Amino acid sequence: MVLDKVTSPMCPLCGVATEDLYHFVVGCSLKADYWREVVSLLSRQDLLPSSLAVWTALTSFCSLDMVLLDEDVLVALGAAFTTLWKYHWESVIDVDPWIPSAAINMVQHDHHLIFSSLSS
Ligand SMILES: [Zn+2]
């Protein structure tokens, strides 16, 4: 049962912080590295230079200066979030470590068309 695996408020991946929603999505250093790679794959480092920028995009659909982001960028971020969610729970349920390269391979595999159209 899944709940048996969630026995502590601490992040099961890094083990050093309480897992709130921000930590789950971008705050964990493992997730921050994941998003940095995703943004790099999308060639949007100028638009999304930090974890806070990714969080703002996911929660308000805007850049840090509150300009509405293009739909293709939002779709890619949403797609990357579904992979983050899937890989997070695979790691927790199987009690496997979060492997950064595996996370990036998974997002590229799962969302190949979105990433190939945005990356150039
Ligand atoms: Zn963590």
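Laboratory data are not the source of any read-out in this text; all were calculated from the coordinates shown. Being a predicted model, the structure only gives us computed values, none of them experimental. All Cβ positions, glycine included, derive from the backbone under ideal geometry; neighbour counts span all protein chains shown.
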Short version: ³J(HN,Hα) in whole Hz for each residue of region 32-40, in order, from phi by Karplus 6.51 cos²θ - 1.76 cosθ + 1.60 (θ = phi - 60°), x for Gly and Pro, what are they?
4, 5, 4, 5, 4, 5, 4, 4, 5
Using modelled amide H (1.01 Å from N, peptide plane; none on Pro or chain starts), what sits under 5 Å from the amide H of Met10, excluding residues fewer than 5 places away?
Glu19
When Rg is the radius of gyration of the Cα atoms in region 67-120 and Rh is its Kirkwood radius, what does Rg/Rh come to?
1.05
Mind listing the Cα extents of the chain along all three principal axes, in Å, largest one first?
41, 29, 20
Compute the distance in nm between two label points, each set 7 Å from the Cα along the Cα-to-Cβ direction, one at Val67 and one at Lys86.
3.2 nm
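Suppose every K and R has +1 on its Cβ and every D and E has -1 on its Cβ; what is the size of the dipole of the chain about the Cα centre, in Debye to the nearest 20?
Values: 5 positive and 14 negative charges, 20 e Å.
Using only the charged Cβ atoms, the result is roughly 100 debye.
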Each residue of region 92-107 in order: what ³J(HN,Hα) in whole Hz does its phi give by Karplus 6.51 cos²θ - 1.76 cosθ + 1.60, θ = phi - 60°, with x for Gly and Pro?
6, 5, 8, 6, 9, x, 6, 9, x, 5, 5, 4, 6, 4, 5, 5
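What FRET efficiency do you get for Leu113 and Ser8 if R0 is 41 Å and r is their Cβ-Cβ distance, rounded to the nearest 0.05? List each step's numbers first, then the result.
Values: r = 38 Å, r/R0 = 0.93.
Result of the calculation: an efficiency of 0.60.
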For region 17-29, in residue order, the Karplus 3J(HN,Hα) values (coefficients 6.51, -1.76, 1.60; θ = phi - 60°; whole Hz; Gly and Pro = x) are 9, 5, 8, 9, 4, 4, 5, 4, 8, 9, x, 4, 4
Set the Förster distance to 22 Å, then compute FRET efficiency between Val95 and Thr18 from the Cβ-Cβ distance, nearest 0.05.
0.65
If amide H atoms are built 1.01 Å from N in the plane of the peptide, which residues on other chains or at least 5 residues away come under 5 Å of the amide H of Leu69?
Cys62, Ser63
